[in-house]
Amino acid sequence: MRLRAPAKVNLCLRLGPRRPDGYHRVTTLLQAIDLYDELELEPAGETEVEGFADDTLVAGSLAALVETRHVRIQKRIPVAAGLGGGSSDAAAVLRALRGERTANELHEIARALGTDVPFFLSGAETGFCTGRGDRVQALPEFPRGHAFVMVPPSEGLSTADVYAASTPNPAFRADEGELIRRMHTVRRAQDVAALMANDLEPAALRLRPEVAGALEQLRSAGALAAQVSGSGPTAFGLFEHRAAAEEAAAGITGALAASPV
């Protein structure tokens, strides 16, 4: 069995107060992109994951399903980079091996594995996510003519470290309401650019100051907007179309062009 698992970028991420369960309230707008990990699953008496020594999420998804497989992962999504690769890999396994489980049962497994797993499990191309980021509303009418350039880091960054170093947005409710109001009126790449924001970016830049240089490169290359994706440290820029993104990526060392799926 062969599976593909897409990456994501956070077009907007607003960080709210800490909840009683220890997680922060989060409102985020996620976009799946055409950068994929590839997984190959084969029957096995014990679970073994090849190709990604630090995997916990694929093994965790198999354990939650009470399944065992030999899994080969071809990683194309940078690791610990704010692009959701591990979560997407886990969601691909959940979808493929769901058996007779209901959507609600599968969602509960997904949210226990990680905050981004429910988005990937949903199959949404663009998703508005609330709660701690685990409640997903698909936005099928969101435009997809634009493209992105990503500048992956040479070294990953711990999500927990970024959240610990971040301060909740004091205007969370107002910014959340503004995002809800505006996301349904987006028609062009310029409208997407106007939505972009990330409350985790200041902490990510303090922990990885060199990412500021990548953001400046993207802006100099013509990005309509540029920011860190999720908890970082990948910097990404929004471009009006794929040709512009590919031209910009060619001029930035290590950069990747991608489009919405």
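The values are calculated or read from the model by the stated rules, or taken from the named source; none is laboratory data. Because the structure is predicted, anything quoted here is derived from the model rather than measured. Positions of Cβ are backbone-derived with ideal geometry, glycine not excepted, and every protein chain shown enters the neighbour counts. To get the accessible areas, we keep the full protein, side chains included, count just its heavy atoms, and leave off ligands, DNA and RNA. Shrake-Rupley method; radii C 1.70, N 1.55, O 1.52, S 1.80 Å.
Taken along the Cα-to-beta-carbon direction at a fixed 7 Å, the label points for residue 173 and residue 54 span 3.9 nm.
Centroid-to-centroid, using Cα positions, segment 144-181 and segment 1-54 are 15 Å apart.
Derived scalar couplings between HN and Hα for segment 146-151 equal 7, 8, 10, 10, 10, 10 Hz in order, rounded to whole Hz, by the Karplus curve 6.51 cos²θ - 1.76 cosθ + 1.60 (θ = phi - 60°), x for Gly and Pro. Taking label positions 7 Å along the Cα-Cβ direction at both residue 100 and residue 144, the computed distance is 3.4 nm, reported to one decimal.
For the pair residue 47 and residue 182, the difference between a 0.36 nm per residue extended length and the Cα-Cα distance amounts to 44.1 nm.
Evaluating kT/(6 pi eta Rh) at 20 °C and 1.002 mPa s, with the Kirkwood radius of segment 1-82 over Cα pairs in the Stokes-Einstein relation, gives 144 µm² s⁻¹.
Once divided by 2.2 N^0.38 Å, the Cα radius of gyration of segment 89-204 becomes 1.21. In this structure, the amide hydrogen of residue 188, modeled 1.01 Å from its nitrogen in the peptide plane, lies closer than 5 angstrom to no residue at least 5 positions away or on a different chain. Using the alpha-carbon positions of segment 150-261, Rg (one decimal) and Dmax (whole number) come out as 14.6, 40 Å.
How would you order 185-193, 105-113 from highest to lowest mean count of nearby Cβ atoms within 10 Å?
Peptide ranking by packing, descending: 105-113, 185-193.
Based on protein heavy atoms only, segment 133-261 ends up with 47 Å² per residue of surface accessible to a 1.4 Å probe. Placing R0 at 45 angstrom, the Cβ-Cβ distance between residue 66 and residue 220 gives a FRET efficiency of 0.30 after rounding to 0.05.
Diagonalising the gyration tensor over the Cα atoms of segment 46-125 and scaling each eigenvalue by 5 before taking the square root yields semi-axes of 19, 16, 10 Å, largest first.
Would you kindly give the portion of the calculated P(r) for segment 123-173 that falls above 14 Å, as a percent of all Cα pairs? Value for segment 123-173: 74 percent of Cα pairs lie more than 14 Å apart.
Just to be sure I understand: with springs between alpha-carbon atoms less than 10 Å apart, which residue in 127, 86, 222 has the highest mean-square fluctuation in the Gaussian network model of the chain? Largest GNM mean-square fluctuation: 222.
In the chain, Cα pairs under 8 Å separated by at least six residues give a relative contact order of 23 percent.
Provide the gained length on full extension for the span residue 34 to residue 161, in nm with one decimal, where the gain is 0.36 nm per separating residue minus the Cα-Cα distance. Mind dumping the intermediate values first?
Working: separation 127, 0.36 × 127 = 45.72 nm, distance 2.78 nm.
Value of the extension gain: 42.9 nm.
Inverting the mean 1/r over all pairs of different Cα atoms, compute the Kirkwood radius of the chain and quote it in Å. Mind dumping the intermediate values first?
Details: mean 1/r = 0.0539 Å⁻¹.
That comes to 18.5 Å for the chain.
Projecting the Cα atoms of 118, 77, 64 onto the charge dipole of segment 14-125 (Cβ charges, centred on the Cα centre) puts 118 farthest toward the positive pole. To put it simply, the accessible area of the chain at a 1.4 Å probe is 49 percent carbon and sulfur.
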